[in-house]
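Heads up, the thing below is written out as structure tokens.
The values are calculated or read from the model by the stated rules, or taken from the named source; none is laboratory data. Predicted model, so just to flag it, every value in this text is computed and none were measured. With ideal geometry, Cβ positions are generated from the backbone for all residues, glycine too; neighbour counts draw on all protein chains shown. Just so you know, the surface numbers come from the protein's heavy atoms only, side chains and all, with ligands and any DNA or RNA stripped out. Shrake-Rupley method; radii C 1.70, N 1.55, O 1.52, S 1.80 Å.
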There are 2 protein chains.
Amino acid sequence: MRVEIWSDIACPWCYVGKARFEKALAAFPHRDEVEVVHRSFELDPGRAKDDVQPVITMLTGKYGMSEAQAEAGEDNLGAQAAAEGLPYRTRGRDHGSTFDMHRLLHLAREQGRQTELLDLLYRANFAEERSVYNDDERLVELAGAAGLDADAARRVLADPEAYADGVRADEREAAELGATGVPFFVLDRTYGVSGAQPAEVFARALRQAWGERPTPKPVGGGSGAADGQDGGEACGPDGCAVPRH
Amino acid sequence: MRVEIWSDIACPWCYVGKARFEKALAAFPHRDEVEVVHRSFELDPGRAKDDVQPVITMLTGKYGMSEAQAEAGEDNLGAQAAAEGLPYRTRGRDHGSTFDMHRLLHLAREQGRQTELLDLLYRANFAEERSVYNDDERLVELAGAAGLDADAARRVLADPEAYADGVRADEREAAELGATGVPFFVLDRTYGVSGAQPAEVFARALRQAWGERPTPKPVGGGSGAADGQDGGEACGPDGCAVPRH
């Protein structure tokens with residue numbers, strides 16, 4: 001079974017939701033047969049790389065909140081994170097473009113290090129003092145810590161088109177699936193879970209999707225199930241079919 | 001969209017079928033949004049690593065063919081391969097265990113080099129004089145040529161349990177999907193294509209599966225489609241939902 005998770009590094013609910021999902025997954029009996037893929041979603045896709053500002057300033061400017069409202073929101077999110085055992089700095093965090101981080105997450109997927117890198121990016125963004133925005137060397141450091149080749153990470157960051165199509169394809173797919181916000185979880189393309197739901201909801205979704213894994217319908221000659229005898233040109237335990245023409 | 005292909009390195013129809021599928025994929029307008037995953041299937045899972053014999057000997061011994069029948073079968077397969085532009089030695093090939101090659105293909109998947117390694121393994125098995133069986137250094141060489149880290153490949157080969165569970169999980173899943181032979185193609189878990197069908201059949205399967213990509217059903221609170229307003233604890237273009245408790 002495959003679980004795809006659309007999220008953004010700058011999204012507090014994605015940080016919290018990942019922990020809640022992982023709690024459910026750890027208790028799921030078929031966890032070893034579940035593959036998790038992280039997909040890209042930018043909450044602020046138009047932001048330029050060098051346009052970095054404090055989160056509170058962004059919240060008051062972009063959404064017209066008062067400073068007190070913005071701070072109360074951060075306090076609330078910090079409490080939710082803490083409830084999952086996640087560190088969260090409610091003051092002094094930055095906001096900026098996450099496009100380069102998503103490009104690195106695509107490189108990391110190819111190298112089997114995606115969830116490791118995402119964890120480190122979340123941790124750096126939500127809990128550490130040094131900003132992750134507009135700082136290539138910081139990202140190279142985090143990529144290295146996640147087990148990626150540092151030179152490969154540096155090359156990706158130096159070329160703004162590297163993996164850019166992959167990021168955009170993920171975002172297009174999110175739109176096609178009807179997701180306008182994140183986190184958004186899709187199980188075997190059959191069930192969707194929207195938002196940082198409680199772990200029990202993820203547990204239920206895992207059970208339902210597992211129980212209803214789809215059976216592929218056959219296309220072309222044969223029975224759909226391959227066999228060496230009548231399923232077309234195939235090899236099976238009884239040898240390879242001889243061409244019929 | 002995701003296409004999973006169950007196959008064995010020792011399966012001539014898998015070698016031919018991969019080429020036919022790739023012809024269809026190259027002409028498919030949404031090819032950049034198609035991810036291909038190669039899954040493990042052993043035609044001869046009980047064979048010991050050091051039990052290597054000529055293909056013709058295996059065919060006469062295991063399936064009770066006459067030598068002339070076995071040779072005619074190989075000639076036929078060679079002609080089918082040639083029709084796809086693939087080299088094929090109809091005499092002098094070996095047969096043996098492919099378990100270690102499947103373990104390496106799992107490593108290669110993690111490193112984003114799976115299709116490259118599979119192509120080289122097919123080529124080595126079907127077209128080159130030196131045997132690929134029971135020869136770790138030959139496999140390390142091929143892994144290196146496919147862009148894998150040679151030391152990582154050597155470590156996997158030295159540890160018979162490395163990725164063994166992954167190989168077995170693929171094989172269990174093939175059985176659950178009803179496949180008793182290969183190649184077996186599954187598109188988005190919705191459509192199945194059995195055997196080395198003509199490229200037109202793959203083209204049709206790609207179109208059908210693309211046109212009927214499933215829409216995930218929602219689990220838990222919210223609408224299934226995530227949004228910042230009423231889809232639960234999510235962040236969207238209008239900010240992050242404030243906790244309701």
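The single residue among A:VAL193, A:VAL201 that is of a type in the set (A, V, I, L, M) and assigned to a helix (DSSP H, G or I) turns out to be A:VAL201. For the range A:64-73, the criterion of being touching a strand residue (DSSP E or B) at 6+ places or on another chain (Cβ under 9 Å), at pLDDT below 95 and farther than 26 Å from A:PHE21 by Cα is met by at least one residue. Looking at B:GLU200, B:GLU176, B:GLU171, can you tell me which residue is at pLDDT below 95, more than 7 Å from chain A (Cβ to nearest Cβ), under 33 Å from the mean Cα position of the chain (by Cα) and open to solvent by 10 Å² or more (accessible area, probe 1.4 Å)? Unique residue meeting the criteria: B:GLU176.
Of the set (1) within 12 Å of chain A (Cβ to nearest Cβ); (2) touching a residue at least 24 places away in the same chain (Cβ under 8 Å); (3) open to solvent by 60 Å² or more (accessible area, probe 1.4 Å), all apply to B:ASP75 but (2).
Only residues that are under 29 Å from B:VAL37 (Cα atoms) and either aliphatic (A, V, I, L, M) or open to solvent by less than 10 Å² (accessible area, probe 1.4 Å) (or both) were counted across the range A:103-137, and they come to 10.
Evaluated against (1) among the aliphatic types (A, V, I, L, M); (2) open to solvent by 30 Å² or more (accessible area, probe 1.4 Å); (3) within 22 Å of A:VAL193 (Cβ to Cβ), A:VAL52 falls short on exactly one condition, (3). Looking at A:ALA205, A:ALA209 in this structure, which one is hydrophobic (A, V, I, L, M, F, W, C), at the interface with chain B (Cβ under 7 Å from one of its Cβ atoms) and over 17 Å from the mean Cα position of the chain (by Cα)? When all the criteria are applied, what remains is A:ALA205.
Among the conditions (1) at the interface with chain A (Cβ under 10 Å from one of its Cβ atoms); (2) within 17 Å of B:TYR133 (Cβ to Cβ); (3) open to solvent by less than 50 Å² (accessible area, probe 1.4 Å), the only one that B:GLY17 does not satisfy is (2). For the range B:138-154, the criterion of a residue being in contact (Cβ under 8 Å) with a residue 40 or more places away in the chain, closer than 18 Å to A:CYS240 by Cβ and open to solvent by less than 10 Å² (accessible area, probe 1.4 Å) is satisfied by no position.
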